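What follows is a single structure, written as C-alpha cells, with notes after it.
The values are calculated or read from the model by the stated rules, or taken from the named source; none is laboratory data. Computed from a prediction, not measured in an experiment: that's the story for all the values here. Glycine gets a Cβ as well: all are built from the backbone with ideal geometry, and neighbour counts include every protein chain shown. What goes into the accessible areas is simple: the full protein's heavy atoms, side chains included, and nothing from ligands, DNA or RNA. Shrake-Rupley method; radii C 1.70, N 1.55, O 1.52, S 1.80 Å.
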Amino acid sequence: MEILALNPPGSEKDIEAINARLETLDPDAAKSVETCYQCGKCTAGCPAADQMEFPPNQIIRLVQIGQVNVALKSVGIWRCVSCETCSTRCPQKVNIAGVMNTLRLMARERGIQPADREADMFHQAFLQNVRMFGRLFEPMLVGIYNMRSMHLFHDADKGPLLLSKGKLPLFPTSSDSARVRRLFKKALESK
Amino acid sequence: MTYAYYPGCSLEGTAGDYNESTQAVCRALGVPLKEVPDWVCCGTTPAHETNQLLVTSLGVKNLASARSVSDKVVVPCAACYNRLKSANYEISHDKALKAKALNAAEVSYDGDAQVLHVIELLVREIGLEKLKAAVKKPLKGLAVASYYGCLLVRPERIMKFDDAEDPQTMDQVVAAVGGDVVDWPGKVDCCGASAAIPHTETVLKQVNQILTDAKACGADVVAVACPLCQNNLDLRQLDIRKKIGKDHNIPILYITQLVGLALGLSASELALQKLVVDATPVLKAKGVL
C-alpha cells in the first residue's frame, strides 16, 4: 500500500469536483462526502466488499482525507457492481454508488488504468461490440472477452447448453450502426 | 392506446423467453405494443462507468425514437428500464449534458417519454382488477418468491418503482394471478450482476444465498423481471452445484411467464423450454401446467 501523505496538494479540488458533479447530475441525492461518519453500513451490504482492498466506507474515507488518487487506483472502485445498496441504506444519504461511479469516470479521464483488468476488459469488449452493431451480440462479447483475458475456456460449457435452449442468436442484428458510431465518436471526443 | 416497446439486447438473445412471454401476455390482454424503431443498446453498466455523455446519449437516442411511437415506452429488462429512466432524470437536471447528448444522438427530445417496466404496465396501466378478471388457470398452490434485484427498485429517488427495501408490486401481480406469495428476505439482494463473467465467484456467492433463502421460506419457484437476474439465478445453479456442492434445482421464471400460464397460454407460447432448470415438473405437480 502507498504511504499516505495527509491532504496532498490539489486534494481539496478533487473533493470539490466529486461533490459538484454529483450535485449537478443527481441533486436529489446530493449530500457531500464530508457528512459520512463511517458507520460501515454501506460495506455491510455490499455484495463485492470481500473482493475489495478498500471497501465502500474506506473509499469514502480516502476521499474525505484527500487521498482521491489512492481511490482512483484501487481495485475497489472497479469491483463495485453498481447495485446501489450502499446509497439506499446510508443513514447520512451519501450517494456512495455515485461517488464510486464518479471515481471510475475520473480515473478514465486521467488515463489511470483500471486496477481490475478483467472487469475493464469485459466492459470495453461490450462497448466495442455496441459501437460496431448498435446492439449487443452476446456470443461475440464472451468470445472476445475470453480471448483478451486469456480465460479461453471460461463458461465454455455454457455455449452448447444455451445454443440447445435456443438462447444464443447465431448472427448479430445491426441497428442504426452508422449513427451509433457517430454518437460514440462525439461522446468520447467531447470535452 | 399503443405502447412503444423497447426489448433491449438481451431479449434478442439469452432472454428470448422474456421477449416471447411479454409479447404473448400483452396480446392476450389486448395491449398493443409497437417496437421502438431503430432501437440500440442502452449502454448499461459498461457505458455509465466509462463516459457520462456516452450513456446519456444512448438513452436519449432510444427515448426520442420511442416518443415517435407513443408517449409511454414499455421496457421488460430491469437494466434498460433503469438506464432509460436515469437518462430522463439526468437531462432534466443537467442542461449542459442534455444539449450535448441531443447533439451526439442527433435527435430532439424533451424528456417526455414515460418509461414503464412491464410490471408497471400490468399493475398501473392495465390494473390488477382487469388482470384478475382475465385469469383462466389460477396459479393455486404455487409458492412464488418475487425477486426484484437491484435495478428495478434502486435508486428509489429515480426509479420511483416501489419501496427499495420491501417492494410489493411483483407480489401483487403474483397474488392477482392466484399464486401464493412467499414472504422472504432476499427480494432486493444483488445477484452480482455483470460480475457474472469477469468475477463469477461474486455471483455464485450471492446467488447461492438468494436461492437458499427462497427455498428456506418455502418457494417452489422464483419470479424475476430482469434478464441478468434470470441468467445468474438459473444458469449459475450449474456452477453452484460444481463449485459449492449445493443442488438448489429451483426454477427461475420471468414474471410474464407466470402471468401467461395463469392467462391459459401454453408452455411453448411462453418459451418455458428455454429455462435451464426445468419448470415443468413443479408446474405439473401443482396442476398449473
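Remarks
- Solvent-accessible area, 1.4 Å probe, carbon plus sulfur percent, for chain A: 58 percent
- Prolate/oblate/rounded call for the stretch A:27-92, Cα gyration tensor, a/c under 1.5 rounded: oblate
- When only Cα pairs below 8 angstrom with a gap of at least 6 residues are kept, chain A shows a relative contact order of 17 percent.
- Between the stretch B:238-281 and the stretch B:43-91, the alpha-carbon center distance in angstrom: 29 Å
- Counting, for every residue in B:36-44, the Cβ atoms of other protein chains within 10 Å of its Cβ and taking the mean gives 6.
- A:R110/B:S266 FRET efficiency (R0 35 Å; Cβ-Cβ; nearest 0.05): 0.05
- When accessible surface is computed with a 1.4 Å probe, chains B and A are found to bury approximately 5700 Å² between them, both chains counted.
- Other-chain or far-sequence residues with amide H under 5 Å of B:S146's (modelled H): B:V182, B:A223
- Going from the isolated chain to the complete set of protein chains, the stretch A:110-148 loses at least 50 Å² of heavy-atom accessible area (1.4 Å probe) at A:F122, A:H123, A:F126, A:L127, A:R135, A:E138.
- Per-residue average of Cβ from other chains inside 10 Å of A:73-85: 5
- The simple Förster model, with R0 at 35 Å and r as the Cβ-Cβ distance, assigns A:K93 and A:K73 a FRET efficiency of 0.80.
- Length gained on full extension, B:K140 to B:R27, computed as 0.36 nm times the residue gap minus the Cα-Cα distance: 38.3 nm.
- Under 19 Å from the Cα of B:K274 - lysines, other chains or at least 8 residues apart: A:K158, A:K165, A:K167, B:K284
- Test item: B:128-139 mean partner chain Cβ contacts at 10 Å: 0
- Protection proxy ranking, highest mean first, for peptides A:118-127, B:125-134: A:118-127, B:125-134, where packing is the per-residue count of other beta-carbon atoms within 10 Å, averaged.
- By the combined test of axial Cα extent (at least 27 Å) and Kyte-Doolittle hydropathy (mean at least -0.5), none of the DSSP H helices of chain B qualifies.
- When you restrict to C-alpha pairs under 8 Å that are six or more residues apart and normalise by the size of the stretch B:3-117, the relative contact order lands at 32 percent.
- Ranking by accessible area, most exposed first, for A:R181, B:R83 with a 1.4 Å probe: A:R181, B:R83
- Counting protein heavy atoms only, the stretch B:3-117 has 46 percent of its accessible area on carbon and sulfur, 1.4 angstrom probe.
- The residues of chain B expose, per residue, 32 Å² of accessible area to a 1.4 Å probe.
- Ligands, DNA and RNA left out, the accessible area of the stretch B:128-285 computed with a 1.4 Å probe is 52% carbon and sulfur.
- Modelled label reach - B:K284, point 7 Å along Cα→Cβ, the stretch A:160-191 residues with backbone N closer than 20 Å: A:165
- Rolling a 1.4 angstrom probe over the protein heavy atoms with all chains in place gives chain A an accessible area of 47 Å² per residue.
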